[in-house]
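Engineer: Could you have a look at this structure, given as structure tokens, before my questions?
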Amino acid sequence: MLDKYSEGLIWQIKNWGGRLCRPLVDTVYFGGGTPSLLGERIIPVMKAVREGFYAAEAAEITLEINPSGNSENILSAAKKAGVNRLSIGAQSGDNGMLSLLGRTHSVEDTLNTVKTAREMGFNNISLDLMIGLPNSNLNTLKADLDFILSAKPDHISAYILKLEENTLFYKNRDTLNLPDEDETAEQYLFMCRYLEEGSFSHYEISNFAKEDKEGKHNLKYWHCEEYLGIGPSAHSFLEGERFYYPRDSRAFLRGEAPISDGKGGGEEEYIMLALRLKEGLCFEKYRERFGKDLNDSIKKAALPLKRAGLLNINDDSISLTHQGMLLSNSVITNLLENL
């Protein structure tokens with residue numbers, strides 16, 4: 001199946017490259033699911049990207065990878081393919097918690113994977129961390145953060161645990177000792193302060209980076225720029241249109257066309273995405289994109305939110321505070337109602 005999938009992926013990449021007249025790309029991201037399962041197949045897939053598109057010499061090429069006790073093979077293949085950034089799913093620094101989360105790796109696997117990657121020359125490594133976990137508190141969170149920092153990553157993505165329906169965790173939710181909303185909020189704010197004290201910039205709601213190590217690919221999403229996603233469940237935004245492939249591998253391999261998801265890049269969407277970033281909604285960038293000034297009613301609606309400690313407002317922009325990032329959905333909805 002992996003052979004068939006990689007062959008189908010290569011065909012789709014070349015097909016899209018031809019349709020789009022081989023445009024320049026400066027970021028490539030292998031993500032969603034477990035792309036490292038491709039193993040050495042990633043080499044011909046990346047070759048197809050370079051043949052179907054014009055990949056910039058300094059393009060950021062990221063691979064998501066789960067830690068394992070035998071990471072040398074996939075890391076070697078990634079290096080040969082030209083991957084220069086890794087996103088490693090560490091999740092926790094406690095073996096008992098990893099087991100509870102259903103992860104198959106250990107704390108030692110994470111450290112060994114990072115060590116091996118560094119030895120192979122990877123100098124841009126991101127680690128994933130989950131917070132708001134069962135039985136967690138500020139002490140366990142600090143231990144996890146210290147573990148993550150001990151691996152000396154260049155970037156950290158931190159996500160609050162969300163229970164998805166139709167998962168084992170969701171079915172067993174009543175047996176899990178999960179922190180309540182206030183306790184989870186306290187964990188998030190502690191993490192923000194702790195990582196910033198550790199020289200990480202909190203540049204997006206869930207992302208922290210060392211200087212010049214922000215994820216260039218994901219910044220395209222938050223800046224509402226164009227991108228092409230290829231594969232089951234992959235979403236795209238091209239020429240003002242959003243579309244996606246169904247979550248059906250067989251349909252993808254049959255070459256079925258993606259499904260339209262309507263127009264994209266409008267004012268509401270742009271504001272919503274910009275406010276996820278620390279830099280926030282820049283008035284000048286808004287004016288350049290839409291040919292007009294931001295509605296004064298939004299600026300007025302922002303004032304009480306500023307007084308509540310949820311927003312920063314200056315002459316150039318509106319941005320969320322750490323507290324505002326915790327309540328981002330409500331804050332952004334409040335502002336958009338005044339657009």
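Engineer: Looking at 278, 292, 306, 299, which one is at pLDDT below 95 and not assigned by TED's automatic domain parsing to the domain that holds residue 32?
Structural biologist: 299 is the lone residue from the list that is at pLDDT below 95 and not assigned by TED's automatic domain parsing to the domain that holds residue 32.
Engineer: Sort through 90, 58, 81 and tell me the only one that's out of contact with any helix residue (DSSP H, G or I) (no Cβ under 8 Å at 6 or more places or on another chain) and within 27 Å of residue 153 (Cα to Cα).
Structural biologist: Details: 90 fails: out of contact with any helix residue (DSSP H, G or I) (no Cβ under 8 Å at 6 or more places or on another chain); 81 fails: out of contact with any helix residue (DSSP H, G or I) (no Cβ under 8 Å at 6 or more places or on another chain).
After applying the criteria, what remains is 58.
Engineer: Against the definition (aliphatic (A, V, I, L, M), touching a residue at least 40 places away in the same chain (Cβ under 8 Å) and at negative phi), how does residue 20 come out, yes or no?
Structural biologist: In short, yes.
Engineer: Looking only at residues in the range 38-74 that are basic (Lys, Arg) and buried (at least 16 other Cβ atoms within 10 Å of the Cβ), which one is farthest from residue 12 (Cα to Cα)?
Structural biologist: By that ranking, first place goes to 41.
Engineer: Condition (residue is aromatic (Phe, Trp, Tyr), in contact with a Lys or Arg (Cβ under 8 Å, 6 or more places away or on another chain) and closer than 23 Å to residue 330 by Cα) applied to the range 226-245: is it met by at least one residue?
Structural biologist: Among the residues of the range 226-245, not one is aromatic (Phe, Trp, Tyr), in contact with a Lys or Arg (Cβ under 8 Å, 6 or more places away or on another chain) and closer than 23 Å to residue 330 by Cα, which makes the answer no.
Engineer: Within the range 282-303, restricting attention to residues that are of a type in the set (Lys, Arg) and without any contact (Cβ under 8 Å) to a residue 12 or more places away in the chain, which residue is surrounded by the fewest Cβ atoms within 10 Å (Cβ to Cβ)?
Structural biologist: Top of the filtered list is 292.
Engineer: Tell me, please, whether a residue that is basic (Lys, Arg), exposed (fewer than 14 other Cβ atoms within 10 Å of the Cβ), assigned to a helix (DSSP H, G or I) and without any contact (Cβ under 8 Å) to a residue 24 or more places away in the chain can be found in the range 142-165.
Structural biologist: No, because not a single residue in the range 142-165 is basic (Lys, Arg), exposed (fewer than 14 other Cβ atoms within 10 Å of the Cβ), assigned to a helix (DSSP H, G or I) and without any contact (Cβ under 8 Å) to a residue 24 or more places away in the chain.
Engineer: Restricting to the range 94-107, name every residue that is part of a helix (DSSP H, G or I) and either of a type in the set (Gly, Ala, Ser) or free of Cβ contacts under 8 Å to residues at least 12 places away in the same chain (or both). Walk me through how you get there before you give the answer.
Structural biologist: Keep residues of the range 94-107 that are part of a helix (DSSP H, G or I), which gives 95-100, 107.
96, 98, 99 - these are the residues of the range 94-107 that are part of a helix (DSSP H, G or I) and either of a type in the set (Gly, Ala, Ser) or free of Cβ contacts under 8 Å to residues at least 12 places away in the same chain (or both).
Engineer: Give the residues of the range 238-292 that are under 29 Å from residue 201 (Cα atoms) and among the charged types (D, E, K, R), sorted by residue number.
Structural biologist: 267, 268, 269, 276, 278, 279, 284, 285, 287, 288, 289
Conditions tested, residue by residue: (1) among the aliphatic types (A, V, I, L, M); (2) modelled with pLDDT under 95.
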{"residue": "220", "(1), (2)": "no, no"}
{"residue": "228", "(1), (2)": "yes, no"}
{"residue": "239", "(1), (2)": "no, yes"}
{"residue": "243", "(1), (2)": "no, no"}
{"residue": "255", "(1), (2)": "no, yes"}
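Engineer: So if I check each of 71, 99, which one is among the small types (Gly, Ala, Ser), in contact with a helix residue (DSSP H, G or I) (Cβ under 9 Å, 6 or more places away or on another chain) and at pLDDT below 95?
Structural biologist: 71
Engineer: If I filter the range 220-237 down to residues being without any contact (Cβ under 8 Å) to a residue 40 or more places away in the chain and of a type outside the set (Phe, Trp, Tyr), which single residue comes out as surrounded by the fewest Cβ atoms within 10 Å (Cβ to Cβ)?
Structural biologist: Going through the qualifying residues, I end up with 225.
Engineer: For the range 180-291, give me every one of the strands (runs of 3 or more DSSP E) that falls completely inside it and has 2 or more residues that are under 29 Å from residue 161 (Cβ atoms).
Structural biologist: Those strands (runs of 3 or more DSSP E) span 201-204, 207-209, 235-238, 241-244.
Engineer: Here is a follow-up. Restricting to the range 238-274, and then to whatever is over 18 Å from residue 218 (Cα atoms) and in contact (Cβ under 8 Å) with a residue 40 or more places away in the chain, can you tell me which residue is surrounded by the most Cβ atoms within 10 Å (Cβ to Cβ)?
Structural biologist: By that ranking, first place goes to 252.
Engineer: Among 256, 269, 241, 279, which is the only one that is over 23 Å from residue 60 (Cβ atoms), of a type outside the set (A, V, I, L, M) and in contact with a Ser or Thr (Cβ under 7 Å, 6 or more places away or on another chain)?
Structural biologist: Working: 256 fails: in contact with a Ser or Thr (Cβ under 7 Å, 6 or more places away or on another chain); 269 fails: in contact with a Ser or Thr (Cβ under 7 Å, 6 or more places away or on another chain); 279 fails: over 23 Å from residue 60 (Cβ atoms).
None of the other options fit; the residue is 241.
Engineer: How about the range 1-93: which helices (runs of 4 or more DSSP H) wholly inside it have at least 1 residues that are hydroxyl-bearing (Ser, Thr, Tyr)?
Structural biologist: Of the helices (runs of 4 or more DSSP H) lying wholly inside the range 1-93, those with at least 1 residues that are hydroxyl-bearing (Ser, Thr, Tyr) span 2-19, 72-81.
The values are calculated or read from the model by the stated rules, or taken from the named source; none is laboratory data. Keep in mind that what you see is a predicted model, and the values were worked out from it rather than measured. Methodologically, a virtual Cβ is constructed for each residue, glycine included, from the backbone with ideal geometry; neighbour enumeration extends over all protein chains shown.
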